[in-house]
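Notes for the one structure printed next.
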Amino acid sequence: MHNDPSRTTPLGMVRYSHEFMEAALAVDEKIGIRPGFEIVAPIPALYLVGHSIELSLKAYLLQQGVQLGELRHFGHNLHACLRKAKELGLLNHVQFSSQEEGAFEILDNLYSTKQLEYIVTGPKQFPVFGLIELFAAKLFNAISIIVGFDKQLDGYAT
């Protein structure tokens with residue numbers, strides 16, 4: 001079913017992106033305030049915000065004419081999705097600071113390699129959650145307008 005372009009649409013993907021982002025924020029609000037999370041956000045919050053970003057980017061790519069089958073070639077590589085989205089004019093709709101993009105790259109390193117889903121031992125670098133939250137929210141708000149989704153994440157400018 002997820003291979004059917006009539007059922008997997010930009011609007012549907014951005015709706016799911018919104019729900020994953022709301023879930024990430026809820027996890028951070030519930031767990032992230034507990035002792036032990038002062039430096040690194042809860043792993044589920046990072047995974048959920050990463051999935052929200054992936055869905056937002058893929059919604060934009062679909063809206064810009066990238067075929068559903070072609071999206072499979074991107075896998076879960078957020079960097080590749082963002083690069084393609086930029087090629088297709090994303091930066092005409094939203095701007096990111098260098099700090100936000102740096103946090104995005106750190107998140108992608110963990111997200112695209114499934115290190116937010118499965119334990120991989122050894123040292124890791126984690127993004128500042130506030131920066132990745134801002135990146136994801138700005139991205140979502142811009143793309144929701146483009147695809148005609150009627151919700152925004154309040155408090156985040158594009």
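The values are calculated or read from the model by the stated rules, or taken from the named source; none is laboratory data. Bear in mind that the values here come from a model prediction, so they are computed numbers and not experimental data. Please note: Cβ atoms are built from the backbone with ideal geometry, for glycine as well, and neighbour counts cover all protein chains shown. The accessibility values were calculated without ligands, DNA or RNA, using every heavy atom of the protein model including side chains. Shrake-Rupley method; radii C 1.70, N 1.55, O 1.52, S 1.80 Å.
Length gain on complete extension for the stretch Val120 to Leu88, per 0.36 nm per residue less the alpha carbon to alpha carbon distance?
Computed gain between Val120 and Leu88 is 8.1 nm.
Using the Cα atoms of segment 1-40 to build a convex hull, what is its mean projected area in square nanometres?
Details: hull surface 15.3 nm².
Projected over every direction and averaged, the Cα hull of segment 1-40 covers 3.8 nm².
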(message) Rounded, prolate or oblate for segment 108-158? Axes are the square roots of the Cα gyration tensor eigenvalues, ordered a ≥ b ≥ c, and the cut-off for rounded is a/c under 1.5.
(response) prolate
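Using the Cα centre as the reference, give the magnitude of the dipole from point charges on the C-beta atoms of the chain (Lys, Arg: +1; Asp, Glu: -1; all else neutral), rounded to the nearest 20 debye.
Numbers: 13 positive and 17 negative charges, 62 e Å.
Approximately 300 debye in magnitude.
Over the chain, calculate the relative contact order: mean separation of alpha carbon pairs under 8 Å at least 6 apart, over the residue count, as a percent.
29
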(message) If you take P(r) over Cα pairs in 10 Å bins from 0, in percent from the coordinates, which of (i) 11, 43, 38, 8, 0; (ii) 11, 37, 28, 16, 8, 0; (iii) 11, 42, 35, 10, 1 do you get?
(response) (iii)
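Please give the per residue accessible area of segment 103-150, computed with a probe of 1.4 Å over protein heavy atoms only, in Å². It would help to have the intermediate numbers written out before the result.
On the way: 2230 Å² over 48 residues.
That works out to 47 Å² for each residue.
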(request) Given the options Phe74, Phe129, Phe20, state which has the largest fluctuation in a GNM of the chain using a 10 Å cut-off (strictly under) for Cα springs. (result) Phe74
(message) Over 5 Å intervals from 0, what percent of Cα-Cα pairs in segment 1-73 sits in each interval?
(response) 3, 18, 22, 18, 13, 10, 8, 6, 3, 0
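Taking all protein chains together and a probe of 1.4 Å, list Thr121, Thr8 from the most accessible to the least accessible.
Working: Thr121 125, Thr8 25 Å².
Sorted by accessible area, descending: Thr121, Thr8.
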(message) Pick from Pro35, Pro44, Pro127 the residue whose mean-square fluctuation is largest in a GNM of the chain, springs joining Cα atoms under 10 Å.
(response) Pro35
(request) Take each complete run of DSSP H in the chain, measure how far its Cα atoms stretch along the helix's own axis, and keep only those covering 18 Å or more with mean Kyte-Doolittle hydropathy at least 1.6; list them. (result) 129-147
(message) Report, in listed order, any pair from Lys114/Lys151; Lys124/Lys151; Lys58/Lys151; Lys30/Lys58 with a Cα-Cα distance greater than 23 Å.
(response) Lys114/Lys151; Lys124/Lys151; Lys30/Lys58
(request) Under a 10 Å cutoff between Cα atoms, tell me which one of Val120, Val49, Val27 has the largest fluctuation in the Gaussian network model of the chain. (result) Val120
